[in-house]
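Comments concern the structure below.
The values are calculated or read from the model by the stated rules, or taken from the named source; none is laboratory data. Predicted, not measured: the structure shown is a model, and the values here were computed from it. Cβ placement follows ideal geometry from the backbone for every residue including glycine, while neighbour counts extend to all protein chains displayed.
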Amino acid sequence: MNNFIARREFLIWTGALALLSGAGSVGFAAEATGADGVEQNAGNDQYTYYVFYRNDDSLTRRMQSAVESHVKDHAEQAASQKVHVYSKDDSAIIDKFDARRLPLPSVIGVAPNGAVTCIYHRKVSAAQLKRSILSPRYADVVLALQNGKIAVVSLLPDDDVEPSSAASSFLKSEDFSDRSEHIQVSAKDPEERDFFARVKVSTDLEQPKTILFAPPGRHLGTFDDDTTFDVLAEKVHSSGSCNCEKCQKNQGR
Amino acid sequence: MTIRSLVWKEILQRPAPTVAALLAVALGVAALVSVQSIATSSEAQVARQMNELGANLLVLPKSADLQDYYAADLHNETLPEEYVTTIILAQAVGVEEMAPKLCLQTTIDEKDVTLTGILPRTEFFEKSSWQSVDLMFQEMEETQLGSKHENCTGRTCQLTDADMQDLKSYAKTRVVHDLAPFSILVGADAARELNVSEEDEVEIMGESFKVAAVLPASGTVDDQRVFAHLHTVQDLSGMGPVVNVIEVMGCCEDVTDGLVAELEELLPDARVITISQLVEAQVSMNRLMSRLSYLLFAILMLVGGASIASVMFANVSERRRELGTLLALGATPALLQRLVLMKASLIGVVGGAVGLLFGAVLAFVCGPMVVDVPLDLSLQAIGWGLISALIVAMLFSYFPARKAGHLDPSVCFQDV
């Protein structure tokens, strides 16, 4: 009996502590700053716009106003945070973006997947901010480029259509397999309509298309389904975006 | 007795006036050879710099003074490091690489060294990649952001893995791909001075650094430096995110003018200069040195010539009796003229040779203080110096020789 009471008391105390700690974490999240904010907004599938500033001058206020207006227009998708570059509370995000070495004020947009989708300093327009909100697959392309990879984008008429054989061979090839990332985008996916519009390809496509992007944001070309692997490879080799043995030899290394 | 022995005995009997004349000629030749050799070596150095750095620009604080490209960061003025990010984000056409630097004078094992903060490429690549969306947009819309200079393949090709790991190439390229916060690169001379080699641990300002590489000799002031990550040097200096200079490497010389204008507009509080502007200053200084050396040579040659003429006139007057005796014994006036001219030419040739030796020593001793490169003697100056010394000595001895030839033996003996 005593053991039971002791166990019950233990459970009650443990539960109470758990509740208290839970409440504490809720409170922390409500005041989440910096890196926590990114994770929190990413969890909500939201873009985060950081306005880094040193002086609260007219430039900063104008930039903040543009960002707030943008966030208001995209309330479901975006959140913003104003960060003083010497704020100790925000040191994690300041260090992450090396904000003290940025021309200020600056705005940096971060997609839910962690890709940086915009950086502007001193002034920013509504059109530029609007451009920084990407479709999920487009954000994946940007993240791949920011990781130093060649983005091989397969535009597919439908989810169950296979990518072009050239794209598949490219991804398996010795020269490019560890330097490229494959992103498949379906024309039937309503979220990706904006992607198709941006890469200037109609969603009414009948055959898969392949687009190659090289870091930091070079468009190497859009290729039809009948394009061969050699054409894709040659495009990358000739662009100077690759450092395979063949390119090194051509460059006299 | 031959003419040669007569001349030799004459010089030995009256050495002081001969040596005085000889010295005047020697000084002129020495000045020409030393200054011309230094100017020639300096020109060669400038040409080498132009070849290596032709498309490079320097972004400096407005108040910074600049004498030497390789020592552009050796001043106390600073620029905010955000200027580097501003240039990256502008995606200016033709910018291939950037090398911001901050210098800190410190000691390692009680030896004075210049610790130079450098920023690796990875820092630029990351910030540049934050513009991916805009770059992709601009590429699709075929506008100019991030475009390459037209018809220019650029200087640096895509980096290979070996390039990325190669730290020693810094001595040549002045850019390093990646550098850990507490790793250092040590210049060839500094490594010798500090007696350090790769993998050694070195303490700088209370922090422990690992020697990541000892750089090969480059023949520049970089050989005497120690390089660390810019942000580490900033932390050690306590100066915050600042730099002394930003070196911008252009893809080719054609792009330089446009780039200067673009950077000046982008960074109105900084001074943007091209290597050619710096070189022009050095070239005009060399030209001035060269002209001054010829002027000095001409003046000293005139002084030397006058001195030779004076010595020879006095010599002819003092030796009237001996010359008269020679004439009485059947010597022709031409022989007496040859005697005088031979002595003069001997002064010219020996003076020239002494001047050449003195000038060479002067150039090798003082040269490295003026231009920090190995010196080569100017063959042109040597040729001009020796020939001019001989011609001046002969020319200025013409009238004394003529006077000797016109001596009348009967008048000479009247003095006896």
Determine whether the range A:83-94 contains at least one residue that is farther than 24 Å from B:Glu123 by Cβ and either of a type in the set (A, V, I, L, M) or buried (at least 23 other Cβ atoms within 10 Å of the Cβ) (or both). no
Can you tell me which residue within the range A:199-217, out of those that are surrounded by fewer than 21 Cβ atoms within 10 Å (Cβ to Cβ) and facing chain B (nearest Cβ under 9 Å), is nearest to A:Pro136 (Cα to Cα)? A:Val199
Selection status of A:Ala92, more than 18 Å from B:Gln138 (Cβ to Cβ), within 14 Å of chain B (Cβ to nearest Cβ), modelled with pLDDT of 90 or more and in a helix (DSSP H, G or I): no
Hey, can you tell me all the residues within the range B:168-182 that are at pLDDT 80 or above and over 13 Å from B:Thr122 (Cβ atoms)? B:Tyr170, B:Phe182
Among the residues of the range A:191-198, is any more than 14 Å from chain B (Cβ to nearest Cβ), in contact with an Asp or Glu (Cβ under 6 Å, 6 or more places away or on another chain) and either crowded, with 16+ Cβ neighbours inside 10 Å or aromatic (Phe, Trp, Tyr) (or both)? no
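Table: residues versus (1) in a loop (DSSP other than H, G, I, E, B); (2) at pLDDT 80 or above; (3) not small (Gly, Ala, Ser).
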residue: B:Val46; (1), (2), (3): no, no, yes
residue: B:Asn51; (1), (2), (3): no, no, yes
residue: B:Leu58; (1), (2), (3): no, yes, yes
residue: B:Ala64; (1), (2), (3): yes, no, no
residue: B:His75; (1), (2), (3): yes, no, yes
residue: B:Thr85; (1), (2), (3): no, yes, yes
In the range A:110-136, residue farthest from A:Gln81 (Cα to Cα) [restricted to those that are more than 10 Å from chain B (Cβ to nearest Cβ) and within 9 Å of the chain's Cα centre (by Cα)]: A:Pro136
When both residues are 6+ apart or on different chains and their Cβ atoms are under 7 Å apart, which pairs have a first residue that lies in the range B:15-27 and is in contact (Cβ under 8 Å) with a residue 24 or more places away in the chain, and a second that is among the polar types (S, T, N, Q)? B:Ala20/B:Ser307; B:Ala21/B:Ser307; B:Ala24/B:Ser307
From the set of residues in the range B:390-407 that are aliphatic (A, V, I, L, M) and farther than 17 Å from B:Leu346 by Cα, which is farthest from the chain's Cα centre (by Cα)? B:Leu407
Please verify whether the range B:365-380 includes one or more residues that are part of a helix (DSSP H, G or I), in contact with a His (Cβ under 8 Å, 6 or more places away or on another chain) and of a type outside the set (A, V, I, L, M, F, W, C). no
Over the range B:77-88, the set of residues in contact with a Lys or Arg (Cβ under 7 Å, 6 or more places away or on another chain) and within 9 Å of another protein chain (Cβ to nearest Cβ) is B:Glu81, B:Glu82, B:Thr85
Only one of (1) surrounded by 23 or more Cβ atoms within 10 Å (Cβ to Cβ); (2) modelled with pLDDT under 85; (3) assigned to a strand (DSSP E or B) does not apply to B:Ser37, and that is (3)
From the residues in the range B:94-131 that are more than 20 Å from B:Leu194 (Cβ to Cβ) and polar (S, T, N, Q), which one is farthest from the other protein chains (Cβ to nearest Cβ)? B:Thr122
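One line per residue, one yes/no per condition, for (1) farther than 25 Å from B:Gln131 by Cβ; (2) surrounded by fewer than 19 Cβ atoms within 10 Å (Cβ to Cβ); (3) hydroxyl-bearing (Ser, Thr, Tyr); (4) not assigned by TED's automatic domain parsing to the domain that holds A:Met63:
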site: A:Gly109; (1), (2), (3), (4): no, no, no, no
site: A:Gly114; (1), (2), (3), (4): no, yes, no, no
site: A:Ile119; (1), (2), (3), (4): no, no, no, no
site: A:Arg122; (1), (2), (3), (4): no, yes, no, no
site: A:Val152; (1), (2), (3), (4): no, no, no, yes
site: A:Ser168; (1), (2), (3), (4): yes, yes, yes, yes
Looking at A:Ala92, A:Ala66, A:Ala99, which one is in contact (Cβ under 8 Å) with a residue 24 or more places away in the chain, under 21 Å from A:Gln128 (Cβ atoms) and touching an Asp or Glu at 6+ places or on another chain (Cβ under 9 Å)? A:Ala99
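Please verify whether B:Asp134 is modelled with pLDDT of 85 or more, within 14 Å of chain A (Cβ to nearest Cβ) and surrounded by fewer than 24 Cβ atoms within 10 Å (Cβ to Cβ), treating the condition exactly as stated. Even if it seems obvious, please write down each step before you answer.
Working: modelled with pLDDT of 85 or more: yes; within 14 Å of chain A (Cβ to nearest Cβ): yes; surrounded by fewer than 24 Cβ atoms within 10 Å (Cβ to Cβ): yes.
Spelling it out, B:Asp134 is indeed modelled with pLDDT of 85 or more, within 14 Å of chain A (Cβ to nearest Cβ) and surrounded by fewer than 24 Cβ atoms within 10 Å (Cβ to Cβ).
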Looking at the range A:144-152, is at least one residue touching a residue at least 40 places away in the same chain (Cβ under 8 Å), at the interface with chain B (Cβ under 10 Å from one of its Cβ atoms) and not small (Gly, Ala, Ser)? yes
Pick from the range B:192-235 the residues that are free of Cβ contacts under 8 Å to residues at least 24 places away in the same chain and assigned to a helix (DSSP H, G or I): which of them is nearest to the chain's Cα centre (by Cα)? B:Arg192
Test A:Pro157 against the criterion of being over 21 Å from B:Phe137 (Cα atoms), surrounded by 19 or more Cβ atoms within 10 Å (Cβ to Cβ) and more than 14 Å from every other protein chain (Cβ to nearest Cβ), and give yes or no. no
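Among the residues that make up the range A:164-172, is at least one of them under 21 Å from A:Ala115 (Cβ atoms) and at pLDDT 85 or above?
Of all residues in the range A:164-172, those under 21 Å from A:Ala115 (Cβ atoms) come to A:171.
Then keep just the ones that are at pLDDT 85 or above; that gives A:171.
Among the residues of the range A:164-172, at least one is under 21 Å from A:Ala115 (Cβ atoms) and at pLDDT 85 or above, which makes the answer yes.
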Across the range B:1-15, the tally of residues that are farther than 14 Å from B:Val316 by Cβ and under 45 Å from the mean Cα position of the chain (by Cα) stands at 5
So, B:His149, is that one assigned to a loop (DSSP other than H, G, I, E, B), modelled with pLDDT of 75 or more and either within 12 Å of chain A (Cβ to nearest Cβ) or on the phi < 0 side of the Ramachandran plot (or both) or not? no
